[in-house]
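The structure appears right after this line, and notes come after that.
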Amino acid sequence: MKYLKKFYRPFAVTYILLSVALGYYPTFDFFSLKGQIIIFIVSIFNGLMGIYVRKL
């Protein structure tokens, strides 16, 4: 349970903020499968970093 908490916080924050930031970028297609996969992969990577970084 401890690892899940350390994973989902950075995952959720990254997903929300990156979605908002890339939504303003004119050539990024947010609603496409490719766009969602890019955001999802970056969020998973940040969630995994949240598990390994001890300061969180």
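Name the residue that is least open to solvent (accessible area, probe 1.4 Å), counting only residues in region 10-25 that are aromatic (Phe, Trp, Tyr) and touching a residue at least 12 places away in the same chain (Cβ under 8 Å). Step through it out loud before you land on a result.
If we filter region 10-25 for residues that are aromatic (Phe, Trp, Tyr), which is where we start, we get 11, 15, 24-25.
If we keep only those that are touching a residue at least 12 places away in the same chain (Cβ under 8 Å) as well, we get 11, 15.
Values: Phe11: 43, Tyr15: 69 Å².
Ranking the candidates gives Phe11 first.
Quick one: which residue in Tyr15, Tyr25 is hydroxyl-bearing (Ser, Thr, Tyr) and over 11 Å from the mean Cα position of the chain (by Cα)?
Working: Tyr15 fails: over 11 Å from the mean Cα position of the chain (by Cα).
From the options Tyr15, Tyr25, the qualifying one is Tyr25.
Those residues that are under 19 Å from Val53 (Cβ atoms) and among the small types (Gly, Ala, Ser), I need them from region 6-33; list them, please. Write out each step before concluding.
Kept after step one, since they are under 19 Å from Val53 (Cβ atoms), are these residues of region 6-33: 6-15, 17-18.
Within region 6-33, Ala12 is the sole residue that qualifies.
Cβ contacts < 7 Å: first residue free of Cβ contacts under 8 Å to residues at least 40 places away in the same chain and under 18 Å from Pro10 (Cβ atoms), restricted to region 27-46; second residue open to solvent by less than 50 Å² (accessible area, probe 1.4 Å) and of a type in the set (Phe, Trp, Tyr), any location; separation 6+ or different chain. Result?
Going by the 7 Å Cβ cut-off, the qualifying pairs are Ser43/Phe11; Ile44/Phe11; Asn46/Phe11.
Here is a list: Phe45, Phe7, Phe28, Phe40. Which entry is touching a Leu at 6+ places or on another chain (Cβ under 6 Å), of a type outside the set (Val, Ile, Thr) and either surrounded by 14 or more Cβ atoms within 10 Å (Cβ to Cβ) or at pLDDT 90 or above (or both)? Before the answer, list the steps.
Values: Phe45 fails: touching a Leu at 6+ places or on another chain (Cβ under 6 Å); Phe7 fails: touching a Leu at 6+ places or on another chain (Cβ under 6 Å); Phe40 fails: touching a Leu at 6+ places or on another chain (Cβ under 6 Å).
Within the list Phe45, Phe7, Phe28, Phe40, the selection yields Phe28.
The values are calculated or read from the model by the stated rules, or taken from the named source; none is laboratory data. For clarity, every value in this text was computed on a predicted model and none was experimentally measured. Please note: Cβ atoms are built from the backbone with ideal geometry, for glycine as well, and neighbour counts cover all protein chains shown. For accessibility, only protein heavy atoms count, side chains too; no ligands or nucleic acids. Shrake-Rupley method; radii C 1.70, N 1.55, O 1.52, S 1.80 Å.
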